[in-house]
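First comes the structure, then the notes that go with it.
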Amino acid sequence: TGYDKQATVSWSEPLSDGGTSLLTYLVSSDPEDLAVSVPGSATSTTFGDLQNGVKYTFTVEALNSLGTSKKSVASRPVEILGPPSEPLALKASAEDSTALISWSAPADTGGRPVIGYRISSFPGNERIDTSNREYTYKGLVNGQTYRFEVSAVNELGVGRSSSSSGIKPIGAPTSPTE
């Protein structure tokens with residue numbers, strides 16, 4: 001099974017250990033030819049640092065003190081999927097009582113299309129969901145510092161967020177009062 005840059009690979013012990021104890025198993029991936037060595041008592045392992053959106057197959061070899069078995073038949077393909085990475089190039093600018101924020105799509109969609117973006121504002125912790133790559137906040141308090149976070153969303157969940165530096169809307173003073 002695979003999820004968010006990881007895959008768990010399981011196998012059964014060989015029918016014969018060759019007459020001596022198994023020392024290790026060598027589990028390999030295709031593509032990328034990654035390999036993990038695990039103790040001979042194990043029958044599963046987890047691969048990390050895989051690429052979301054890529055289909056992998058895995059093979060297993062058994063090793064004892066006399067040698068190495070032939071590789072197992074490759075597993076059926078496992079597509080690694082997960083939430084998207086953080087949006088890129090987040091920009092925030094302030095005007096009178098407003099803030100315009102914009103960003104670019106994430107580099108990694110998690111293997112599925114991005115279906116929207118989640119924006120949070122601080123202070124206030126207001127959450128907005130949008131399908132656009134820009135948003136204008138209105139009704140902000142002039143002179144108050146605001147920070148924004150944006151996360152990409154796909155069918156598998158909400159990804160990591162990008163954060164803006166603090167911005168401060170400013171404007172003309174209000175009318176004097178008596």
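The values are calculated or read from the model by the stated rules, or taken from the named source; none is laboratory data. Nothing here was measured: the structure is a model prediction, and the numbers come from that model. No Cβ is skipped: glycine too gets one built from the backbone with ideal geometry, and neighbour counts run over all protein chains shown. Ligands, DNA and RNA are stripped out before the accessible areas are found, and what is left, the full protein with its side chains, is counted by its heavy atoms. Shrake-Rupley method; radii C 1.70, N 1.55, O 1.52, S 1.80 Å.
Side notes on the structure shown:
- Which of Ser97, Ser163 is most accessible, then next, and so on - probe 1.4 Å: Ser163, Ser97
- The mean accessible area for residues of region 40-135, using a 1.4 Å probe and ignoring ligands and nucleic acids, is 54 Å² per residue.
- Surrounding net charge for Pro83, when Lys and Arg each add one and Asp and Glu each subtract one, Cβ distance under 12 Å: 0
- Shape box of region 1-64 [Cα atoms, principal axes, largest first, Å]: 42, 17, 16
- Solvent-accessible surface (1.4 angstrom probe) belonging to Lys5, in square angstrom, nearest 10: 70
- Accessible area (Å², 1.4 Å probe, nearest 10) - Tyr146: 20
- Accessible surface ranking that places the most exposed of Ser69, Ser164 first, with a 1.4 angstrom probe: Ser69, Ser164
- Length added when fully stretched, Leu26-Leu100, from 0.36 nm per residue minus Cα-Cα: 21.4 nm
- The chain, Rg to Rh (Cα coordinates; Rh as Kirkwood inverse mean 1/r): 1.29
- With a 1.4 Å probe rolled over the protein heavy atoms of all chains, the accessible area of Leu50, Leu34 falls in the order Leu34, Leu50, largest first.
- Apportionment of accessible area to carbon and sulfur, the chain, percent (1.4 Å): 49
- Taking Lys and Arg as +1 and Asp and Glu as -1, the other residues whose beta-carbon sits under 13 Å from that of Lys5 total -4.
- Here the Karplus curve 6.51 cos²θ - 1.76 cosθ + 1.60, taken at θ = phi - 60°, turns the phi angles of region 167-178 into couplings of 10, 10, x, 9, x, 5, x, 7, 5, x, 10, 8 Hz, with x standing for Gly and Pro.
- Ser120 accessible area, 1.4 Å probe, all protein chains in place, Å² to nearest 10: 20
- Net charge, Ser69 excluded, C-beta distance under 15 Å - Lys, Arg +1, Asp, Glu -1: -1
- For region 31-46, the Karplus equation 6.51 cos²θ - 1.76 cosθ + 1.60, evaluated at θ = phi - 60°, returns couplings of x, 6, 6, 7, 9, 10, 9, 10, x, x, 8, 7, 9, 7, 7, 10 Hz by residue, with Gly and Pro reported as x.
- Projected onto their three principal axes, the Cα atoms of region 75-139 cover extents of 59, 20, 17 Å, largest first.
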